[in-house]
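**Q** The structure is given below, and queries will be raised subsequently.
The values are calculated or read from the model by the stated rules, or taken from the named source; none is laboratory data. Keep in mind that this is a model prediction, so the values were computed, not measured. Ideal geometry is used to build each Cβ from the backbone, glycine not excepted, and the neighbour counts take in all protein chains shown.
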Amino acid sequence: MTFLVRTKQKISQFLRAFFRKRSSRIGIYGPPNAGKTTLANRIVRDWIGDAVGPVSEVPHETRRVRRKENITISGVNGHSITIDIVDTPGVTTKIDYNEFMEYGLEKDEAVKRAREATEGVAEAMHWLREDIDGVIYMLDATQDPFMQVNIMMVGIIESRQLPVIIVANKIDLPDASANRIKSAFPQHPVIPISGLEGDNVETLYEKMTDYFR
């Protein structure tokens, strides 16, 4: 019985590999306001001249998963990859409508936004379980990387054995520390960038062409 089960598993793995989509789905994950959509927009704009969606200083501006398909990224190493970029809502362990009211939203709108953000987190986790081939995990380099949500998310990504690049974003800010993030996650490559200014994104592209092949 064990032999038959293993044989079926191997056949299933072979069929998935044989019929695998040409473009890998690379999910951009991370806590709210880490700069996920800013990076997604930069990648899409740099390579196909489009955009993914709006950004805002208000948390959870992205409340639904958004995808741009067939983006070919080339590196100076001569490698290239064709991917779908999947921009996901910010993942957090708690969503409180009062947080939105601090940004001037009325209570009804804040409650609605909190509900949508909660649904967005659930959708992002569903994609991670079912449809993602690799992860860019975004962290704000001015914030503490040892937050519970980051430890939890990196653990989930590792349990799925997905390749992950950790991006230390916002290095254009004076109190940013990419080294703090490298110390927190030494088992994964960490690329410091400014998604807003475009600093060091070429290094990220280079790593993507090698790491997500």
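**Q** Kindly check whether there is at least one residue in the stretch 188-202 that is over 18 Å from Thr38 (Cβ atoms), at pLDDT 95 or above and not in a strand (DSSP E or B).
**A** Taking every residue of the stretch 188-202 in turn, at least one turns out to be over 18 Å from Thr38 (Cβ atoms), at pLDDT 95 or above and not in a strand (DSSP E or B).
**Q** Here is a check on your reading of the model: is Val164 crowded, with 19+ Cβ neighbours inside 10 Å and closer than 22 Å to Arg67 by Cα? It would help to see each step written out before you state the result.
**A** Values: crowded, with 19+ Cβ neighbours inside 10 Å: yes; closer than 22 Å to Arg67 by Cα: yes.
Against the criterion (crowded, with 19+ Cβ neighbours inside 10 Å and closer than 22 Å to Arg67 by Cα), Val164 qualifies.
**Q** Please find, among Arg113, Arg180, Arg129, the residue that is part of a helix (DSSP H, G or I) and touching a Leu at 6+ places or on another chain (Cβ under 8 Å). Working first, answer last.
**A** Details: Arg180 fails: touching a Leu at 6+ places or on another chain (Cβ under 8 Å); Arg129 fails: touching a Leu at 6+ places or on another chain (Cβ under 8 Å).
Among Arg113, Arg180, Arg129, only Arg113 is part of a helix (DSSP H, G or I) and touching a Leu at 6+ places or on another chain (Cβ under 8 Å).
**Q** Please count how many residues of the stretch 85-96 are surrounded by fewer than 22 Cβ atoms within 10 Å (Cβ to Cβ) and not β-branched (Val, Ile, Thr). Walk me through how you get there before you give the answer.
**A** First, the residues of the stretch 85-96 that are surrounded by fewer than 22 Cβ atoms within 10 Å (Cβ to Cβ): 92-96.
If we keep only those that are not β-branched (Val, Ile, Thr) as well, we get 94, 96.
Number satisfying all stated conditions: 2.
**Q** Considering only the stretch 130-141, I want to know if a residue exists there that is within 22 Å of Arg64 (Cβ to Cβ), at pLDDT below 95 and either in contact with a helix residue (DSSP H, G or I) (Cβ under 7 Å, 6 or more places away or on another chain) or not aliphatic (A, V, I, L, M) (or both).
**A** Yes: the stretch 130-141 contains one or more residues that are within 22 Å of Arg64 (Cβ to Cβ), at pLDDT below 95 and either in contact with a helix residue (DSSP H, G or I) (Cβ under 7 Å, 6 or more places away or on another chain) or not aliphatic (A, V, I, L, M) (or both).
**Q** Same structure again: Hey, any hits in the stretch 139-159 for a residue that's closer than 17 Å to Ile43 by Cα and assigned to a loop (DSSP other than H, G, I, E, B)?
**A** No, the conditions are met nowhere in the stretch 139-159.
**Q** Only one of Val154, Val135, Val111, Val201 is of a type in the set (A, V, I, L, M, F, W, C) and either over 21 Å from Pro89 (Cβ atoms) or touching a Ser or Thr at 6+ places or on another chain (Cβ under 7 Å) (or both); which?
**A** Working: Val154 fails: either over 21 Å from Pro89 (Cβ atoms) or touching a Ser or Thr at 6+ places or on another chain (Cβ under 7 Å) (or both); Val135 fails: either over 21 Å from Pro89 (Cβ atoms) or touching a Ser or Thr at 6+ places or on another chain (Cβ under 7 Å) (or both); Val111 fails: either over 21 Å from Pro89 (Cβ atoms) or touching a Ser or Thr at 6+ places or on another chain (Cβ under 7 Å) (or both).
Just a single option satisfies the conditions, and that option is Val201.
**Q** Look at the stretch 97-151 and say how many of its residues are over 26 Å from Ser194 (Cα atoms), among the small types (Gly, Ala, Ser) and either in contact (Cβ under 8 Å) with a residue 60 or more places away in the chain or surrounded by 15 or more Cβ atoms within 10 Å (Cβ to Cβ) (or both).
**A** Looking only at that region, the number is 2.
**Q** Determine whether the stretch 193-203 contains at least one residue that is under 23 Å from Ile43 (Cα atoms), of a type in the set (Ser, Thr, Tyr) and more than 16 Å from the chain's Cα centre (by Cα). I'd like the intermediate steps shown before the answer.
**A** Applying the first criterion (under 23 Å from Ile43 (Cα atoms)) to the stretch 193-203 yields 193-203.
Next cut, of a type in the set (Ser, Thr, Tyr) only: 194, 203.
Next, from what is left, pick out any that are more than 16 Å from the chain's Cα centre (by Cα): 203.
Within the stretch 193-203, one or more residues are under 23 Å from Ile43 (Cα atoms), of a type in the set (Ser, Thr, Tyr) and more than 16 Å from the chain's Cα centre (by Cα).
**Q** Report, by residue number, each residue of the stretch 73-110 that is closer than 15 Å to Ile26 by Cα and touching a strand residue (DSSP E or B) at 6+ places or on another chain (Cβ under 8 Å).
**A** Ile73, Ser80, Ile81, Thr82, Ile83, Asp84, Ile85, Val86, Asp87, Thr88, listed by residue number.
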